[in-house]
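Reviewing the structure listed below.
Just so it is clear, none of the values below were taken in a lab; they were calculated from the coordinates. Only a predicted model underlies this, so the values are computations on that prediction, with no experimental measurement involved. Positions of Cβ are generated from backbone atoms using ideal geometry, with glycine treated the same way; all protein chains shown enter the neighbour counts.
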Amino acid sequence: MSLLEVERLSKRFGGVVAVDDCSLSIPKGSIIGLIGPNGSGKTTVFNLITGFIPRDAGDMRFKSRSIAGLGPDRIYGLGIGRTFQLARIFPRLTALENMLVPVRRAGMGGLLARAQWGHEKTRAMAMLEFMDIGSVASMLGGALSYGQRKLLELAAVMMAEPELVLLDEPAGGVNPALLERIADHIRRLNAGGVTFLVVEHNMGFVMNLCTELVVLAQGRVIAGGKPEDVRANPVVLDAYLGA
Ligand SMILES: Nc1ncnc2c1ncn2[C@@H]1O[C@H](COP(=O)(O)OP(=O)(O)O)[C@@H](O)[C@H]1O
Ligand SMILES: [Mg+2]
C-alpha cells in the first residue's frame, strides 16, 4: 500500500521551475531516498508535501486522503513529520524541553493536565535514550554539539509518533562514526513501522540505507529504482556532471 502519493506536483518561483510535474509513490514501511544535484528541487518537494509553501499544480495524498492545501500544523497532526537541512533546535531550552515543543505546536499544550505532562516527559526521556543522548537531557540546546543537535531533532520529530518522516540531509556535515549511528536509528525506527523519505547528498549513506531511490534534476524525476541500478544509470551520472 502506498502511504504517500505525490501526483504531478509543480512549483515555480518567478522564472525558476523548482518542481516540475513530479510524481512519487512512497510505500508504507519503505525508506526512499530522494537525490539529485544542488538546486534540483528536493527541499521544495519537502516544503510542498508538508504544507510550508503552496503548490501551483498537482495533488498529494496521505493514506488516500488529499492533503493539498492543508497547512503545516494539520499535516503534522495527520502523521507526517520532518526535519530541516539546518536542525531547528531552541538554544535556550534544554534538550528535554526541546523534545516537548512539538507536542505544544500540535495544539495540545494548553490542554495537557499535569499528569499528562509527566507522561510526555517520560516519553521524551525514553526517546532521548533510544537515540543514545539521554545524558544531555538537561543541557541547553545551544550547548549541544552539531551531531547531538542532529540526533535531538530526529528524536523531537518522533515525539508526535509520525507514520511518515521526511529527513532533509540527516547526514550533512556529520562525521563517519555518527553517520553510522544515524543510519542505525533510522533503521530501528523503520523496523518499528515508520516510513522514511530521505534527502541526502552522501551517496554511501543513501545506498546503504534506502530501499529505493528517486532522482530529481531541475525539478523533474529523471530516474528511480533500486540503489544499485540507479548508481549504474548513465542518465543519473549525466545529471550530476551537468550540474
Ligand atoms: N523560496 C524560494 N524562493 C525562490 N526560489 C527558490 C525558493 N526555494 C527554492 N528556490 C529555488 O528552487 C530551486 C530548487 O531549490 P531546492 O528545492 O532548495 O533544491 P535542493 O534542495 O534540491 O538543493 C533552486 O533553483 C532554488 O534557488
Ligand atoms: Mg535542499
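Annotations
- Cross-link partners of Lys226 among lysines, defined as those whose alpha carbon lies under 17 angstrom from its own and excluding same-chain residues fewer than eight positions apart: Lys28.
- Residue list for segment 134-176, given a label point 7 angstrom along the Cα-to-Cβ vector of Ile222 and an amide N cut-off under 16 Å: none
- Under a 5 Å amide H cut-off, with hydrogens placed 1.01 Å from N, Val221 pairs with Ser23 among residues at least 5 apart or on other chains.
- Cα gyration tensor shape for segment 1-45, rounded if a/c is under 1.5, else prolate or oblate: oblate
- C-alpha center-to-center spacing [segment 122-158, segment 175-221] in angstrom: 20
- Spatial separation of Cα centroids for segment 11-57 and segment 58-80, in angstrom: 14
- Highest-fluctuation residue, Leu93, Leu197, Leu213 considered, GNM on the chain with Cα pairs under 10 Å: Leu93
- Measuring r between the beta carbons of Arg61 and Phe130 and using R0 = 35 Å, the FRET efficiency lands at 0.70.
- Net length available on complete extension from Thr122 to Phe90 is 9.5 nm, with 0.36 nm assigned per residue and the Cα-Cα distance removed.
- Full extension of the segment from Ala143 to His201, taken as 0.36 nm per residue of separation minus the current Cα-Cα distance, would add 18.2 nm.
- Taking Leu164, Leu178, Leu151 in turn, the Gaussian network model of the chain (Cα-Cα springs below 10 Å) assigns the largest fluctuation to Leu178.
- In summary, the aspartates and glutamates within cross-link reach of Lys121, defined as a Cα separation below 15 angstrom excluding same-chain residues under 8 places away, comprise Glu97, Glu129, Glu161.
- Helical contribution to [θ] at 222 nm, DSSP H n ≥ 4, -39,500 (n - 2.57), averaged over the chain, rounded to 500: -11500 deg cm²/dmol
- Dipole axis of the chain (+1 Lys, Arg; -1 Asp, Glu on Cβ), positive-most option in Val45, Phe62, Ala156: Ala156
- Percent antiparallel among DSSP beta bridges (both partners in the chain, rounded to 5): 55
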